[in-house]
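Data first, discussion second: the structure below is written as structure tokens.
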Amino acid sequence: MTELLLPLAALPFPEIDPVIVQIGPLAIHWYGLGYVVGILFAWWYARRLVATDRLWAGGKAPLTAEDIDDFLIWAAAGVVLGGRIGYILFYDLARYIERPADILAVWQGGMSFHGGLAGVTVAMIAFAFRRGFSPWSLFDTIAAGVPVGFGLVRVTNFINSELWGRPSDVPWAMVFPNGGPEPRHPSQLYEALLEGLVLFIVLRLLTHSALKLKQPGFVAGAMVACYGAARIFVEFFREPDAHIGYLVGGWLTMGMVLSVPLLVIGIWAMLRAKRAAAAAQ
């Protein structure tokens with residue numbers, strides 16, 4: 001009886017066209033716009049950080065606004081290439097081996113956060129060594145602004161009715177158009193809240209109140225660790241990819257497996273930053 005009542009109790013899904021505007025074959029999607037706005041915000045915010053001298057050890061940032069400008073293209077390439085390659089390798093390799101032309105169909109979705117993080121990390125290391133400053137300060141500067149992009153992309157996942165949650169009877173459960181008849185957790189919005197708004201606030205407090213930019217690597221470590229923890233938590237509410245399913249029993253997912261190293265690396269980076277700062281005093 002309860003199962004019959006669940007669809008009636010679910011919130012209606014707000015059907016929003018995933019395509020903002022289409023002119024002939026050219027279509028602008030909310031998904032792609034989320035990435036573009038997220039990258040542009042991180043660029044603008046990073047410029048603000050390096051221009052605020054009081055936030056940095058010695059009263060001056062080790063990199064300049066011009067460095068941030070020049071890194072923008074590197075960052076975009078790292079996010080897109082890393083995110084796409086990561087999704088192909090971690091989530092749907094068999095499909096792309098069978099249909100390699102689909103690799104270029106980015107507009108159909110299929111981006112991995114973990115791959116994007118790896119891609120942009122490689123880009124930051126290469127750029128920092130090319131410019132002659134420590135990668136840790138670049139990590140911190142970029143990390144502080146990226147949660148806005150995380151949040152926006154998760155909202156676009158919701159608009160696309162993809163990556164929805166597990167079946168649920170919570171009052172805010174929704175019946176997604178392509179998620180079957182049962183109400184589900186809107187797990188995309190959980191991620192948008194935790195990985196976007198909450199994480200941005202935490203990092204803002206670390207940079208402007210705790211002045212953790214004076215400990216190179218701490219802010220980046222906090223971002224990675226908090227993201228890993230938030231992703232592991234939300235995975236308990238998110239439906240795993242159908243072609244992967246649960247790795248162990250009915251709970252362990254690929255998202256959890258890929259997020260545990262982030263949690264460990266983030267904690268290590270924060271501890272390393274504190275030790276380095278203490279040794280320099």
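Structural remarks
- Inverse of mean 1/r across different Cα pairs in segment 107-206, Kirkwood, Å: 15.5 Å
- Surface exposure of the chain, expressed per residue as accessible area with a 1.4 Å probe, stands at 50 Å².
- Heavy-atom accessible surface of segment 142-281: percent carbon and sulfur, 1.4 Å: 73 percent
- Size of segment 62-104 from its Cα atoms: along the principal axes, largest to smallest, the extents are 46, 17, 7 Å.
- With respect to the chain, whose longest principal axis is taken over its alpha-carbon atoms, helix 30-50 is tilted by about 20°.
- All C-alpha to C-alpha distances of the chain, sorted into 10 Å bins beginning at zero, yield P(r) values of 6, 26, 33, 21, 10, 2, 0 percent in whole numbers.
- By accessible area with a 1.4 Å probe, ligands and nucleic acids excluded, highest first: order of Trp44, Trp136: Trp44, Trp136
- Percent of Cα-Cα distances greater than 20 Å, calculated over segment 184-276: 42 percent
- Peptide ranges 63-74, 14-25 listed from the most packed, as the mean C-beta count within 10 angstrom indicates: 63-74, 14-25
- Spatial separation of Cα centroids for segment 123-142 and segment 165-197, in angstrom: 37 Å
- Rounded to the nearest 10 degrees, the angle from helix 65-90 to the longest Cα principal axis of the chain is 40 degrees.
The values are calculated or read from the model by the stated rules, or taken from the named source; none is laboratory data. Only a predicted model underlies this, so the values are computations on that prediction, with no experimental measurement involved. All Cβ positions, glycine included, derive from the backbone under ideal geometry; neighbour counts span all protein chains shown. Keep in mind that these areas ignore ligands, DNA and RNA; they rest on the heavy atoms of the full protein, side chains included. Shrake-Rupley method; radii C 1.70, N 1.55, O 1.52, S 1.80 Å.
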